[in-house]
Amino acid sequence: MGAALDAFRFLTALPLPRGGKKGDLSASVAFFPLVGAALGGALVFVDWACGHAFPRVSHFLSAALVLAVYAVFTGGLHHDGLMDVADAFWGRRSREERLRIMKDARAGALGVTALALFLLVELAAVYALPARVSASPGRLRWAALLAFPVLGRWTMSYLCVRFPYAREEGTGAAVITGARTASLAAASAIALAALAGCFVFVVRIPVLIAALAVFALAFSELVGSYFKRALGGVTGDCVGAAGMLCEALVLLLLASRVPELLI
């Protein structure tokens, strides 16, 4: 219970008390997908409320409010990581220069531009999510809003466990350095349970569970391997940026014709 509270406190802006022992934040990695499931539930509620309050333009307003609520609940933590990574990895820079740029609290022009373009893509993807697909009585839109934060946070868990910390010390050291394989196993079980709820009970397309799981694993391994080659490991910014990129790609996949082709 303490580790779960730490996961919510670490990944959201909710004013929660500290759950686990001091310096033992690594155990919270197991509950990252649970945080994603809770955030996804809030986003489904936003979408439902928009559908009732603004029936004529519900999808457009929902897409905008979903992203706004998501940013508020996460405190913009991962948005900041995405900007820092964009600034650091633009052009040919040394490992030390990239680590220094990511440590800088200021955002550069490229980072701001990258975040703006990223949010435009996410806005379009959420707007394009179909309410339903043929041969499925459930709401694909709601399943997607539940699933994408779960998979993004599973990617974060994977990177924390699979790859070393790139710095000698830093904000993410307490989480990444002590993360264990058992935490990844627990995170995977939680993520699979959430995906089962989405694609077995909501839309009844269970093959999407396997497709999304394979995609998330391949993406996480590729991006983590890239960070390891470039930096010698991952940082908190790298983990947050990778999670956001995974989320955007999952939204694009579910907004495409892939769900229909898999039926």
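Values in this text are rule-based calculations from the coordinates and carry no lab data. The shown structure was predicted, so the numbers you read here are calculated from the model rather than taken from an experiment. Here the Cβ positions follow ideal geometry from the backbone for every residue, glycine too, while neighbour counts run over all protein chains shown.
Computed quantities for the displayed model
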item: Dipole axis of the chain (+1 Lys, Arg; -1 Asp, Glu on Cβ), positive-most option in Y165, F89, Y127; result: Y165
item: Cα-based helix-to-principal-axis angle, 58-74 vs the chain, degrees rounded to 10; result: 30
item: Taking the chain and dividing mean pair separation by its residue count, relative contact order in percent (alpha carbons under 8 Å, at least six apart); result: 27
item: Using alpha-carbon coordinates, inclination of helix 140-162 to the longest axis of the chain, degrees; result: 20
item: Full-extension gain in nm, A71 to A218, via 0.36 nm per residue minus C-alpha separation; result: 50.3 nm
item: Likely footprinting exposure, E260, E122, E169, fewest C-beta neighbours within 10 Å first; result: E169, E260, E122
item: Residue among A182, A30, A213 with the largest mean-square fluctuation in a Gaussian network model of the chain, springs linking Cα atoms under 10 Å; result: A182
item: Dipole moment magnitude, nearest 20 debye, the stretch 1-97 about Cα centre, only Lys, Arg, Asp, Glu C-beta charged; result: 140
item: Dipole magnitude of the chain about its Cα centre (Cβ charges: Lys, Arg +1; Asp, Glu -1), debye to nearest 20; result: 200
item: Rounded tilt (10° steps) of 77-88 against the dominant C-alpha axis of the chain; result: 60
item: Sequence of L39, L115 once ranked by neighbouring C-beta atoms within 10 Å, starting from the fewest; result: L115, L39
item: For V234, residues with placed amide H under 5 Å, excluding near neighbours; result: Y165, A166
item: Residue of I209, I101, I190 that the Gaussian network model of the chain assigns the largest fluctuation, springs spanning Cα pairs under 10 Å; result: I101
item: Calculated [θ] (222 nm, deg cm²/dmol) that DSSP helices of n ≥ 4 give over the chain, each run adding -39,500 (n - 2.57); result: -23000 deg cm²/dmol
item: Candidates P149, P55, P33: whichever shows maximal mean-square fluctuation once the chain is modelled as a Gaussian network with Cα springs under 10 Å; result: P55
